[in-house]
Amino acid sequence: MYYMKDLVKGFVKWFIIVLLTLNVILWVSIIARCQTHPKHDSIADVEDTAGFISVKFLSKDDRLIYWKREMKREVKLSSFGYDKYTKFVDKLEGDLCILYCKTHSFAYIVTQCKE
């Protein structure tokens, strides 16, 4: 009887570990799939959702550009997604001007701001 409890506990621990592993794999695949910029219905939709912002560059990895924007009463830290179609005009340093999709927070054109 004592061995049966150990067997059941071991099976439950194994089952939980397998479920957690599958859950992590599922979320990683969902996140990786969502990193591409979804297509808009029309060019008018692209134009309606396009925005322009000037920010201070922090860093970049293989899918995100991290930035900071200091305003009067707050500091915003955020990021924009990008892919192979995003155009990088200049070096990524200092103040950047970014043309981006407001809906998907995705960069179209990234360039240094000119004074």
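The values are calculated or read from the model by the stated rules, or taken from the named source; none is laboratory data. Since the structure is predicted, the reported quantities are computational estimates derived from the model, not experimental observations. For neighbour counting, all protein chains shown are included, and Cβ atoms are generated from backbone atoms with ideal geometry for every residue, glycine included.
Within segment 94-103, count every residue that is surrounded by fewer than 16 Cβ atoms within 10 Å (Cβ to Cβ) and in contact with a helix residue (DSSP H, G or I) (Cβ under 8 Å, 6 or more places away or on another chain).
Here the count works out to 2.
Please enumerate the residues belonging to segment 71-88 that are over 13 Å from the mean Cα position of the chain (by Cα) and within 24 Å of Asp48 (Cβ to Cβ).
Hits for segment 71-88 are Lys76, Tyr85, Thr86, Lys87.
Just the residues that are in contact (Cβ under 8 Å) with a residue 24 or more places away in the chain and not in a strand (DSSP E or B), please, taken from segment 52-64.
Within segment 52-64, just Arg63 meets the criteria.
Is it the case, given these coordinates, that Ile31 is modelled with pLDDT under 90, out of contact with any Leu (no Cβ under 6 Å at 6 or more places or on another chain) and not basic (Lys, Arg)?
Answer is yes for this residue.
Would you check which residues across segment 65-111 are in contact with a Gly (Cβ under 6 Å, 6 or more places away or on another chain) and part of a strand (DSSP E or B) and list them?
Tyr100, Phe106, listed by residue number.
Could you tell me which residue of segment 65-79 is nearest to His40 (Cα to Cα), considering only residues that are among the hydrophobic types (A, V, I, L, M, F, W, C) and modelled with pLDDT of 90 or more?
Ile65
Say we look at segment 34-60 and pick out the residues that are touching a Gly at 6+ places or on another chain (Cβ under 9 Å) and among the polar types (S, T, N, Q); which of these is modelled with the lowest pLDDT?
Gln35
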